[in-house]
1. Grab the Cα-Cα distance for Ala150 and Gln101, subtract it from 0.36 nm times how many residues apart they are, and report the gain in nm with one decimal.
2. Kindly identify the stretch 134-190 as rounded, prolate or oblate by the Cα gyration tensor criterion: order the square roots of the eigenvalues as a ≥ b ≥ c, call it rounded if a/c is under 1.5, otherwise compare a/b with b/c, prolate if a/b is larger, else oblate.
3. Just report the Cα centroid separation between the stretch 13-45 and the stretch 55-91, whole Å.
4. Taking 0.36 nm per residue of separation and subtracting the Cα-Cα distance, what length does fully extending Leu143 through His129 add?
5. Can you tell which of Ile76, Leu97, Gln172 lies farthest toward the positive end of the dipole of the chain, using +1 and -1 charges on the Cβ of basic and acidic side chains (Lys, Arg; Asp, Glu)?
6. Rounded to two decimals, what ratio of Rg to Rh does the stretch 15-195 give with C-alpha atoms and a Kirkwood Rh?
7. Using the Kyte-Doolittle scale, find the helices of the chain whose mean hydropathy is at least 1.6 and whose Cα atoms extend 30 Å or more along the helix's long axis, counting only whole DSSP H runs.
8. Place a +1 charge on the Cβ of each Lys and Arg in the stretch 15-195 and a -1 charge on the Cβ of each Asp and Glu, then give the dipole magnitude about the Cα centre in debye, rounded to the nearest 20.
Amino acid sequence: MEVGLVEVGMEQGNWFVALVVPEQAGLHRLTADLPAGLRRFQPGDLHLTLAFLGACGAERAQLAWRAIADQPQWAITAEAGSWRAMGRPERPSAYALTLGQGAQLAAGLIERWRPLLLEAAGQPVEHRHALPHITLARPRRRLDPEAAAATHAAMTTWMRATPVPPGSFALQEVGLYRWAEARDEQLFAIDQRRRLDLG
């Protein structure tokens, strides 16, 4: 299934390719009671990034999408692994769930597809170790250092007290994402998507 491209504002904002986290997995419900200073991701925002393309523009993003069009890939059965703060330890940029089951398969997919996607998008090849994760919340922008530190401390306590959800879910779609036009509610929009092989 493909979703039609939106013409207005497509050259603005960042693009990325990711596995779609289905709403049925229920991960968005975990963050209903976040501490102050954090923005929770909406159900449609949840994804597992395969390659961040940056502000490459619509044309380059479409080239990247076509670069993996014929690449075979089975759907991945995943389970949550652990909570993790992403970015700088003293001031994380996001809070996420890593994978337990499915982590090795997802990391292998990132390692295979990321070079193809970045090259087609005209971006430098990335050599960072693949760490499959699903971001669920981010600190709100423009927090001063004191507020940011308090938010991180509260979120650290929250993660320690919040159990990792049991059960598995299927990552069976890949999507080409861009920033949403109005980012007051949902942060991202899917321009193209396709199902992975179900085997």
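1. Numbers: separation 49, 0.36 × 49 = 17.64 nm, distance 3.26 nm.
Residue separation times 0.36 nm, minus the Cα-Cα distance, leaves 14.4 nm.
2. On the way: a/c = 3.82, a/b = 1.22, b/c = 3.14.
The shape class here is oblate.
3. 14
4. Numbers: separation 14, 0.36 × 14 = 5.04 nm, distance 2.95 nm.
Net length gain for the segment: 2.1 nm.
5. Leu97
6. Working: Rg = 16.3 Å, Rh = 17.0 Å.
Looking at the stretch 15-195, the ratio lands at 0.96.
7. Values: long enough: none.
Length and hydropathy pass: none found.
8. Numbers: 21 positive and 17 negative charges, 37 e Å.
With Lys and Arg at +1 and Asp and Glu at -1, about 180 debye.
None of the figures in this text is laboratory data; all of them are computed from the coordinates on show. Fair warning: this is a prediction, and the values are worked out from it, not measured in the lab. FYI the Cβ positions are ideal-geometry reconstructions off the backbone, even for glycines, and counts take in every protein chain you see.
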